[in-house]
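These notes are about the structure you will find just below.
The values are calculated or read from the model by the stated rules, or taken from the named source; none is laboratory data. Predicted model, so just to flag it, every value in this text is computed and none were measured. Glycine gets a Cβ as well: all are built from the backbone with ideal geometry, and neighbour counts include every protein chain shown.
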Amino acid sequence: MKIITGMLRPNDGRVLFEGRDIRDDMVAFRTKIGYVPEEAHLYTYLSGLEYLELVGRLRGLDEAAIEAKATGLLRLLSLESWQHSPISSYSKGMRQRVLIAAALLHNPMLLIFDEPLSGLDVVSSRMFKDLLEMLAAQGKAVLYISHVLEIVEQVCNRVIVIAKGRVLADAAPGDLTRLMSLPNLESVFAQLVQQPDTRSVAREIVEAMRDAHA
């Protein structure tokens, strides 16, 4: 993700966006992407509104647009009553919603979500899944990274399985399960990466617990 977003320079190869190497003009490229990292690294001394205002200015948005979009997104993400409170007082889920708002603020063409449901409550998670579908329907490119394969199966129309730096599969979820004659994406993943027998491991853990108690 750090290579795709331009935070790291690759040792080999390149990242293309609209047919151009992103490093040809990183400033222009970053105005077209929205990124929600796995960990919420925020300026916690700022309020939610101040943080979005900062992001909007960095993206070159008009001040009036920043104010309207920031307050609107905070309201829609149930953060209106907290918008003037420091982020240090926010829960993990609230910080995640601020990150989502920041990624959407400038209406990017490419959205990169790395485990975006981390810390979200059930209602926020359901809303986010609906949001993904609508963004895709508008022609946005969405790159969704997750180890929660049930969610991937629900929201993604193309899945790439990577293990130890190698692409092991690249197809629609339904195609993968059908081709491998397996019931779900989790089973496909386990077979592709040659996952150990997790049930046997779980049994050994339980036995180890009993031994320790004895």
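A68 fulfils the conditions (1) surrounded by 17 or more Cβ atoms within 10 Å (Cβ to Cβ); (2) among the hydrophobic types (A, V, I, L, M, F, W, C); (3) closer than 29 Å to G93 by Cβ except for a single criterion, (1). Restricting region 108-139 to residues that are polar (S, T, N, Q) and under 28 Å from F29 (Cα atoms), the residue that is surrounded by the most Cβ atoms within 10 Å (Cβ to Cβ) is S118. The set of residues in region 102-145 being in a strand (DSSP E or B) and under 21 Å from I87 (Cβ atoms) consists of F113, D114. Does region 166-185 include one or more residues that are more than 26 Å from L117 (Cβ to Cβ) and polar (S, T, N, Q)? Yes - at least one qualifying residue is present in region 166-185. Scanning region 165-176 for residues that are assigned to a helix (DSSP H, G or I) and not aliphatic (A, V, I, L, M), we see that the one that is nearest to the chain's Cα centre (by Cα) is P173. Of all the listed residues (G93, G165), the sole one being on the phi > 0 side of the Ramachandran plot and either surrounded by fewer than 18 Cβ atoms within 10 Å (Cβ to Cβ) or of a type in the set (G, A, S) (or both) is G165.
Within the option set L58, L42, being surrounded by 15 or more Cβ atoms within 10 Å (Cβ to Cβ) and in the same structural domain as D114 (by TED's automatic domain parsing) holds for one residue only, L42. The numbered conditions (1) buried (at least 20 other Cβ atoms within 10 Å of the Cβ); (2) without any contact (Cβ under 8 Å) to a residue 12 or more places away in the chain; (3) of a type in the set (S, T, Y) are all true for S81 except (1). If the condition is being closer than 26 Å to G13 by Cβ and either assigned to a loop (DSSP other than H, G, I, E, B) or touching a Phe, Trp or Tyr at 6+ places or on another chain (Cβ under 9 Å) (or both), then region 177-193 contributes only V193.
So which of V142, V159, V155 ends up being surrounded by 15 or more Cβ atoms within 10 Å (Cβ to Cβ), at pLDDT 80 or above and touching a Pro at 6+ places or on another chain (Cβ under 9 Å)? None of the others qualify; the one that does is V159. Would you confirm whether any residue within region 98-109 is β-branched (V, I, T), under 23 Å from G139 (Cβ atoms) and in contact (Cβ under 8 Å) with a residue 12 or more places away in the chain? Within region 98-109, one or more residues are β-branched (V, I, T), under 23 Å from G139 (Cβ atoms) and in contact (Cβ under 8 Å) with a residue 12 or more places away in the chain. Considering (1) within 16 Å of the chain's Cα centre (by Cα); (2) among the β-branched types (V, I, T); (3) modelled with pLDDT of 90 or more, the lone condition that T5 does not fulfil carries the number (3). Out of everything in region 1-39 that is in contact (Cβ under 8 Å) with a residue 40 or more places away in the chain and farther than 28 Å from Q83 by Cα, what residue ends up being surrounded by the fewest Cβ atoms within 10 Å (Cβ to Cβ)? Looking at the filtered set, the residue picked out is M1.
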